[in-house]
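Novice: Take a look at the following structure, please.
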Amino acid sequence: MDVTLRHELRPGDLGRVVSFHGIVYAREHGFDSTFEAYVAAGLAGFVTGQRQGDRLWLAERETTLVGCIAIVGCGSAEAQ
């Protein structure tokens with residue numbers, strides 16, 4: 001099955017990213033729901049303070065989120 005990438009956010013995407021992180025990090029590292037809150041706060045800041053060049057990519061297999069990555073500027077010549 002093919003994986004598609006996109007960066008335009010649709011309704012529900014942020015919730016899916018938070019859920020994805022919560023499930024994966026609980027399973028692989030034993031994190032609890034406080035990690036989901038941390039991810040949600042970071043995503044909220046990303047969306048409300050988004051600058052040119054900041055981007056969140058979503059990897060999907062059909063309609064299932066299978067991965068994501070964000071690039072956020074941290075100054076004129078750095079990114080995180």
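The values are calculated or read from the model by the stated rules, or taken from the named source; none is laboratory data. What you are looking at is a predicted structure, and each value in this text was computed from that prediction instead of being measured. Virtual Cβ from ideal backbone geometry, glycine too; neighbours counted across all protein chains shown.
Novice: Out of Ala37, Ala26, Ala59, Ala41, which single residue is in a helix (DSSP H, G or I) and closer than 23 Å to Ala79 by Cβ?
Specialist: Ala41
Novice: Any residue in the range 23-52 that is under 17 Å from Leu65 (Cβ atoms) sitting within a Cβ distance under 6 Å of a residue that is aliphatic (A, V, I, L, M) and exposed (fewer than 11 other Cβ atoms within 10 Å of the Cβ)? List the pairs, counting only those 6 or more apart or interchain.
Specialist: That search, which allows pairs on different chains as well, returns nothing.
Novice: May I ask you to verify whether Val47 is surrounded by 10 or more Cβ atoms within 10 Å (Cβ to Cβ), modelled with pLDDT under 95 and assigned to a helix (DSSP H, G or I)?
Specialist: Yes: the conditions hold for Val47.
Novice: If a residue has to be in contact (Cβ under 8 Å) with a residue 12 or more places away in the chain, basic (Lys, Arg) and either assigned to a helix (DSSP H, G or I) or out of contact with any Leu (no Cβ under 6 Å at 6 or more places or on another chain) (or both) to count, how many in the range 1-22 make the cut?
Specialist: 1
Novice: Still on this structure, I have one more. Would you mind telling me which numbered condition in (1) out of contact with any Lys or Arg (no Cβ under 8 Å at 6 or more places or on another chain); (2) surrounded by 16 or more Cβ atoms within 10 Å (Cβ to Cβ); (3) not aromatic (Phe, Trp, Tyr) Glu60 fails?
Specialist: That leaves (1) as the condition not met.
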